[in-house]
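A short reminder: the numbers here are calculations on the coordinates, not readings from a lab. For clarity, every value in this text was computed on a predicted model and none was experimentally measured. Quick reminder, even Gly has a Cβ in these numbers, built from the backbone with ideal geometry, and neighbours come from all protein chains shown.
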Amino acid sequence: MTDGDRAGIRRFPLPWTAVRGWLLWVACLGLAACAEDSAPPQAADDAAIEAQRSGAAIYQRYCFSCHAAGVAGAPRTGDAEAWSSRMAKGRDALLRSTIDGMVGMPAMGLCFDCSEQELVDAIGHMSGTALAPMPSP
């Protein structure tokens, strides 16, 4: 290619790194515009809030990984035989075991912001037996 041939070639006026940075910035803005609103919903009633922290929700978030498969001796969800001896101890003993942790289960099942009632609801969900609610303070 001679100097005369190069005269017809246009050079891009910006360095490639500037173009790459600009394209990345545009792509991020595009993705941010497509993202769902991450702000918490404005709940009109307490039932919607409580449904988010039901026993089933706690189970799905914290308990599922061990109790669905029976990892490290954890009683499997819905296995009446495995839960019967535990249920015979009563709600308070089950709750204490959950709070303190036991064998391979960590304290509070790693749900450190769960209330006692939420833990009781999760136990009830896993065992398939509704437990008496915690007394009001």
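Scanning region 84-122 for residues that are touching a residue at least 24 places away in the same chain (Cβ under 8 Å) and either acidic (D, E) or in contact with a Gly (Cβ under 7 Å, 6 or more places away or on another chain) (or both) gives T98, V103, G104, E118, D121, A122.
Taking the residues in region 103-122 that are small (G, A, S) and under 19 Å from the mean Cα position of the chain (by Cα) as candidates, determine which candidate is farthest from G55 (Cα to Cα). If you could, list the steps in order and put the result at the bottom.
From region 103-122, those small (G, A, S) are 104, 107, 109, 115, 122; that's our starting set.
After this cut, where a residue has to be under 19 Å from the mean Cα position of the chain (by Cα) as well, the list is 107, 109, 115, 122.
Working: A107: 17, G109: 13, S115: 11, A122: 4 Å.
Once the filter is applied, the top-ranked residue is A107.
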